[in-house]
């Protein structure tokens, strides 16, 4: 999976959402702090990850806000993915003192979105493999 | 894990709240819940409620879990409901993931916690998930 492939996939999925210029869409979502647009960005990222792993997951995403009264997004997202069959949390990270079940990424530009897709895909793939579910073999 | 009674759960909720959450030996979880229910002040540290529940579950079960919590809001204020996701750290199994009779899946559970009885029910619910997880082995 290269950055170019991720970029292409994101653009293909975004065109299904009626978005012509994804770079501009993300930029304007960030500038206008539009919560609905941020929801769309999160969904694009999730769809792209599923596309690369060729599986569907149960997702929860949190759009973090700088101001909880007015829900102004600050550009940070937390994603939780769960496997629909075995209920395994695929965004679990055991690296720090905290048992972190979500993957937190900042998305303010198209490049950030590409990085988010790559980070999530690698994390989920690694957790699938740790759980004895080779994501390639499991699809067959 | 033996059945844990209401009084013991309240005792642990109060201990966790005083020792780990509020850090004030004079404070009480029950009075914090009463204040929240009556005032609904958006400036209140609402997540203290969830932290107390989680602390009590982990203390009573003797185990740690991975958690995600969100305090739900209506248009203006916190509703007193919390969305919880609980993950068993060894198997990575999401204990709160459920499939209903129609095949609809959900990852989180939403629990109202605005009174001590609701807090007790929330702790009992998570302890029952911990018991189920234990039955699944790998613990």
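How are the alpha carbon pair distances in segment B:6-135 distributed across 5 Å bins from zero to the largest one, expressed in percent?
Values per bin, smallest distances first: 2, 10, 21, 22, 20, 13, 8, 3, 1, 0.
For chain A, what relative contact order do you get, as a whole percent, if you take Cα pairs closer than 8 Å and at least 6 residues apart?
This gives 23 percent for chain A.
If each DSSP helix of 4+ residues adds -39,500 (n - 2.57) and the sum is divided by the residues in chain B, what number results at 222 nm, nearest 500 deg cm²/dmol?
Counting only the DSSP helices, I get -13500 deg cm²/dmol.
Give me B:90, B:135, B:73 sorted ascending by neighbouring Cβ count inside 10 Å, so fewest comes first.
By the 10 Å Cβ count, ascending: B:135, B:90, B:73.
With a ≥ b ≥ c taken as the square roots of the eigenvalues of the C-alpha gyration tensor of the protein assembly as shown, please select rounded if a/c is under 1.5 and otherwise prolate if a/b is larger than b/c or oblate if it is not?
In terms of gyration-tensor shape, oblate.
Give the angle, between 0 and 90 degrees and rounded to the nearest 10, that separates the Cα long axis of helix B:116-135 from the longest principal axis of the Cα atoms of chain B.
Helix B:116-135 sits at roughly 20 degrees to that axis.
Taking the Cα centroid of segment B:43-116 and of segment B:10-39, what is the distance between the two, rounded to the nearest whole Å?
The distance from the Cα centre of segment B:43-116 to that of segment B:10-39 comes to 18 Å.
Can you tell me the orientation of helix A:3-16 relative to chain A, as the angle in degrees between its alpha-carbon axis and the longest Cα principal axis, to the nearest 10?
For helix A:3-16, the angle is close to 70 degrees.
Would you calculate, for chain A, the mean residue ellipticity at 222 nm contributed by helices, counting each DSSP H stretch of 4 or more residues as -39,500 (n - 2.57) and dividing by all residues, to the nearest 500?
Result for chain A: -16000 deg cm²/dmol, rounded to the nearest 500.
Throughout, read-outs are computed from the coordinates displayed, never taken from laboratory work. As the structure is a computational prediction, the values presented were derived from the model and not from experiment. For neighbour counting, all protein chains shown are included, and Cβ atoms are generated from backbone atoms with ideal geometry for every residue, glycine included.
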